[in-house]
Every structure is written in structure tokens, then in C-alpha cells.
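Each remark here refers to the structure printed beneath this line.
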């Protein structure tokens with residue numbers, strides 16, 4: 001039976017400042033004056049005009065001693081060493097792959113930064129270079145860590161650990177990088193039955209939890225068996241919960257996703273994307289997170 | 001056409017999901033995404049509508065202008081379609097990039113509306129062989145999120161429902177020359193009957209089953225699609241196959257049946273929302289583009 005719902009658009013509600021935020025956040029828009037005090041040094045996102053410090057991006061003002069900078073709320077991913085990212089291969093070049101990670105420039109994955117199958121350590125030869133396409137092709141998804149950042153802002157990735165590598169079956173959700181909370185670990189095995197990788201660049205990968213940890217694979221073999229229906233339902237529900245959290249501008253981390261999942265259980269999976277249901281479950285999630293803190 | 005690149009395991013996941021009637025966002029194979037419809041959003045048109053179907057955003061404006069009837073149909077008015085793919089939707093549409101897609105969609109719309117019973121063109125005639133109303137339907141693609149033609153046809157139907165054509169009187173002089181007089185009252189207008197206007201349903205074949213309202217990711221997994229236009233009574237007015245894959249004749253019959261069923265529910269839902277909006281009238285808070 002086909003289900004088609006149509007509705008009239010509702011104007012967006014202005015969300016008031018929530019009480020949990022410690023201290024007032026100084027939000028600015030491009031062109032707003034931050035301060036007229038000339039003693040401050042200008043950082044990213046600001047410029048000086050007529051002795052006033054003016055913001056050039058929309059975001060929150062951050063001050064460290066004498067340095068004033070504006071951190072944009074919606075921006076492309078700016079790489080930092082040690083970040084976990086999920087990226088899509090766009091090009092296969094001579095000794096490296098170009099990976100799209102939602103940043104200003106495509107990230108680079110050098111052949112020497114990639115693990116060889118079997119975990120062997122040796123110098124990459126010409127045969128390895130010719131066999132690059134067997135490892136990663138255009139369109140493949142990988143999880144990697146940021147090794148270094150070039151001077152122009154481009155990021156260099158590496159997959160030198162068995163937990164990184166090519167990703168198999170699952171669902172990718174693209175969100176803004178500023179909504180992913182920085183944590184100790186970004187690989188989570190959620191108790192509801194699926195695993196999630198929260199990439200710092202805003203690419204969230206949801207996949208069925210693998211049964212046993214395959215040590216020798218190192219992320220090259222992909223399981224092409226059909227995923228059972230129960231796992232699919234969990235993955236779809238998680239995907240919709242993440243979309244709901246992003247819609248209501250809540251930070252994404254394992255606890256918030258889990259609470260949102262539990263709050264969404266009484267509803268059908270496809271109903272989670274309805275605006276009123278989204279508001280309801282995110283409100284419940286927010287409440288539980290506040291109770292957890294307080 | 002805006003498209004996404006997917007890895008092979010991702011495509012496999014989507015195909016297996018469709019087999020089991022559970023798509024990535026939890027919908028069944030015959031479910032549409034939640035749609036938002038609003039009419040009368042552009043003030044200097046005779047009628048307009050905006051439809052948001054998931055990430056697909058379409059704006060349609062209808063302008064009624066006076067023109068001469070076509071030679072082969074002297075006592076009828078006609079519709080002209082123009083589709084503009086805005087660079088807002090995807091950078092590929094910058095400059096002349098969106099022209100090809102725009103002409104393809106416009107040709108499909110011409111074909112769908114070529115059926116005589118869809119719009120009562122005789123009501124658009126003012127003076128046979130001399131004056132008639134020409135409805136210029138302009139479609140603007142603001143965002144591409146998959147399933148463009150369904151959203152466009154819903155928006156066109158809503159815009160035609162919203163169109164108000166001013167009433168004109170033809171006065172004949174003593175010399176025999178005809179003069180056209182526009183009525184002074186701005187609310188004195190004729191409305192079009194959109195009961196028989198068809199809506200397009202796109203059925204994409206993924207694996208062994210077909211889905212309705214495919215997202216961009218699902219479109220990347222489907223090799224062949226069937227576009228059918230259905231009226232509110234369930235009658236098929238046109239059919240087109242797109243895509244480089246092939247379709248089995250049996251599956252075409254199945255897809256047609258599904259399309260008719262889904263098309264009827266689509267019309268019912270759309271008419272309900274248009275009537276509700278009409279009933280609310282001026283008391284409804286207009287959202288427009290800055291809501």
C-alpha cells in the first residue's frame with residue numbers, strides 16, 4: 001500500500017538559547033564588529049578595517065589571551081593531525097590516490113601510506129604501482145587517519161593500522177563537520193546492533209557489526225553477502241536518527257546517537273523523518289543528555 | 001543530471017535492501033518521501049507553486065499572456081513549457097551545463113500534456129483564430145535530490161490549480177474591429193479545471209524490483225526507469241522508458257500497475273493539500289523562501 005504524505009510548509013521555529021550552555025556564546029555574522037579595542041591580534045575569520053576588528057565568517061568568537069578568531073559553524077573540513085576521516089576515492093594517480101573528504105582541496109593518500117595485504121612492510125615497487133587500482137578504485141570509501149597537513153591546507157592520509165582501510169556494505173550520511181564532537185575514539189560498536197564511524201570531516205559511516213575481527217584482512221576483503229533484515233532495520237533507524245539530530249543541530253557522538261535511537265523506537269523507521277516526530281525525539285534526547293550531565 | 005558516485009558494496013547494499021522492501025531511509029518500495037507543497041509564492045505570476053520532495057526543490061510559475069492560436073487548432077489556447085536548471089542545484093548546471101537536461105524535461109512535459117483531455121484548452125480561447133490565452137509554464141530546479149520529474153509534475157499541477165486568468169470581454173465596434181476589455185476587478189478571474197491534469201510517476205528498476213521516488217543514491221543503482229503519467233482517475237496518458245538498461249515486458253506491466261496505483265494516491269494527497277490551502281485562504285501564514 002503506497003503511503004504518500006503531503007503537507008503545507010511550516011515556518012522554522014526560532015530555537016531559544018538552551019540553559020545548558022555554559023556561558024554566553026558570542027555569535028557573529030560576516031560584517032559584525034567584534035571589538036573596537038586595538039590591543040587584540042586578529043586570527044582566522046577576522047579582518048581589521050578602520051581600527052575595528054570585523055568578522056568575515058558566521059560563527060562563534062573564540063578568544064585565547066590576545067588572539068581573537070571566529071570559528072565558522074558551517075564550513076568545509078579543516079584537517080588536523082590525528083583526525084579520523086571517511087573519504088571517497090576520486091582519482092587514481094601515479095603513486096597516490098585523491099580522496100574527497102568534504103574539504104577545500106582533495107586529500108591525498110600516498111601509496112606508501114597504505115597497508116599492504118598481509119601486513120608486510122617493504123618498499124613499494126613498480127608492480128605495486130601498477131596494481132593500485134586493484135586496491136582502491138574511483139568511488140570506493142575508505143576510513144583513514146590524517147598524517148599531516150600541507151601548507152595549502154590539503155590533508156595527507158594514512159591507513160597504517162588494521163582498523164582503517166576500504167569500507168564494505170553500509171550507509172554513508174554526510175553532515176557538517178562542526179557537528180561531529182571530538183572524542184577519544186570515533187569507531188563505535190553500538191549496543192543496538194550496528195557499528196558507526198564518526199568521521200571528523202562529517203562523513204558518518206553506518207555498517208553492520210562484523211562477526212569476528214579478521215586480523216589478516218587489514219580492510220581489503222569486502223563481505224558481499226546480503227545483510228540480514230534485522231541489521232538493515234537497525235542501520236536505517238540509525239541513519240534517520242542521525243538525520244534528525246543534524247536537522248535539530250545537536251552534536252553527534254555515540255551517546256547522543258544511542259539516546260536518539262532509543263527515543264525513536266516507538267515510531268516506525270520512515271516516520272522519523274517527519275518534522276514533528278523529529279522534534280519530539282530530539283527533545284527527548286536533549287533532555288536525557290541534560291540529565292546525564294546534571 | 002546530478003548524480004552521486006557510489007562504491008560497489010554500497011550499491012549492493014541498496015539493491016539487497018530493495019529486494020527486502022526496506023530502503024535505506026526505512027521506506028517501502030511504494031512510499032514517497034514527505035512532500036511540502038505551497039502555492040502562490042511568486043507575486044508577479046498568474047499562478048505559482050513550490051514543491052519540496054526530500055532534497056528536491058522545484059519552483060513553477062505560470063504566466064497567462066494573450067497570443068494568437070495555432071493554425072491547426074484555431075479555437076484553443078495552448079501551454080508552453082520552459083525548464084531552467086539553476087546553478088544552485090549543482091555546479092554542473094553552471095552556464096549552459098543544465099540546458100540539455102532542461103530541454104529533455106521540457107520535451108517530456110510537452111508529451112505528457114499533449115493529451116487532449118488533460119487541460120481544457122477551449123476555455124483558453126477568446127476569439128477563434130485571433131486571440132487566445134497562452135500559458136507559459138516556467139519550471140525552476142532549485143535543488144536536485146532525485147526523482148525530478150515527479151516533483152515537477154506535482155508542482156505544475158499545483159501551479160495550474162493556483163492560476164488565475166483575468167476575465168476578458170470582447171467588444172465589437174461598428175467597423176467590425178474587435179476590442180478586448182479587461183475587467184476592472186482584480187479578483188474577477190477564471191480558474192482552470194485541473195481534475196484531469198496528469199502527474200508523472202517514475203518507477204526505477206533496482207535489481208528485480210522497482211521503486212517509486214528514488215533518491216540520488218538509488219538512481220545510481222538503477223539501470224532502467226519507466227516514466228508514466230497518470231490522471232486522478234487512474235488513466236495512463238503517456239509512457240517513456242529512460243536509462244541504458246533493458247526492461248522485461250512482464251516487468252513493464254507490473255510497473256504500469258504499480259504506477260497507476262501510486263498515481264491515484266498521489267492525486268488524492270495533492271488534491272487534499274490544495275483544497276486545505278484554499279480553505280485556509282489568507283489566514284495561512286505564508287512561508288515562501290525565508291521561512
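Some observations on this one:
- Interatomic Cα distance distribution for chain B, bins of 10 angstrom, percent: 6, 26, 33, 22, 9, 3, 1, 0
- Among B:62, B:134, B:201, the residue with the largest mean-square fluctuation in a Gaussian network model of chain B, with springs joining Cα atoms closer than 10 Å, is B:134.
- The stretch between residue B:75 and residue B:248 holds 58.0 nm of extra length on full extension. This uses 0.36 nm per residue minus the Cα-Cα distance.
- Note: relative contact order over chain A, using C-alpha pairs below 8 Å and six or more positions apart, is 13 percent.
- Of A:158, B:55, the sequence from fewest to most neighbouring Cβ atoms within 10 angstrom is B:55, A:158.
- Residue B:4-residue A:48 FRET efficiency (beta carbon distance; Förster radius 30 Å; 0.05 resolution): 0.10
- Here the Gaussian network model covers chain B, with springs between Cα atoms less than 10 Å apart; of B:24, B:112, B:262, B:24 fluctuates the most.
- Label-to-label distance, residue A:104 versus residue B:88, with points set 7 angstrom from Cα along the beta-carbon direction: 2.6 nm.
- Label point distance in nm, residue A:29-residue A:150, each placed 7 Å from Cα along Cα→Cβ: 3.7
- Residue B:241 paired with residue A:122, simple spin-label distance in nm, labels 7 Å along Cα-to-beta-carbon: 5.2
- Counting beta carbons within 10 Å around each of A:241, A:69 and listing the fewest first gives the order A:69, A:241.
- Hypothetical label at residue B:122: residues of the stretch B:73-87 whose amide nitrogen lies under 11 Å (7 Å Cα-Cβ projection): B:75-76
- Sorting the Cα pairs of chain A by distance into bins of 10 Å, from 0 upward, gives 6, 23, 28, 24, 14, 5, 0 percent per bin.
- In terms of surrounding Cβ atoms within a 10 Å radius of their Cβ, B:115, B:29 rank from fewest to most as B:115, B:29.
- Entry note, the stretch B:2-63: relative contact order of 19 percent, from Cα contacts under 8 Å with a spacing of 6+ residues.
- Using equal-weight Cα scatterers in the Debye expression, the normalised intensity of the stretch B:1-151 in log10 at q = 0.09, 0.17, 0.19 Å⁻¹ is -0.40, -1.07, -1.21.
- Förster-model FRET efficiency, 60 Å R0, residue B:20 and residue B:178, C-beta, rounded to 0.05: 0.35
- For the stretch B:1-110: relative contact order, % (alpha-carbon pairs under 8 angstrom, 6 or more apart): 14
- Extension reserve of the residue A:163-residue A:184 stretch, reckoned as 0.36 nm per residue once the Cα distance is removed: 6.1 nm
- Sites residue B:114 and residue B:189 - FRET efficiency at Förster radius 35 Å, r taken between beta-carbons, to 0.05: 0.85
- One decimal place: the segment residue A:233-residue A:63 gains 56.7 nm when fully extended, by the rule 0.36 nm per residue minus the C-alpha distance.
- Where N is the number of residues in the protein assembly as shown, Cα Rg divided by 2.2 N^0.38 Å: 1.12
All of the numbers you see were taken from the coordinates with simple rules; none came from a lab. None of the values given here were measured: they were computed from a predicted structure. When we count neighbours, we look across all protein chains shown, and the Cβ atoms used for this are built from the backbone with ideal geometry, even at glycine.
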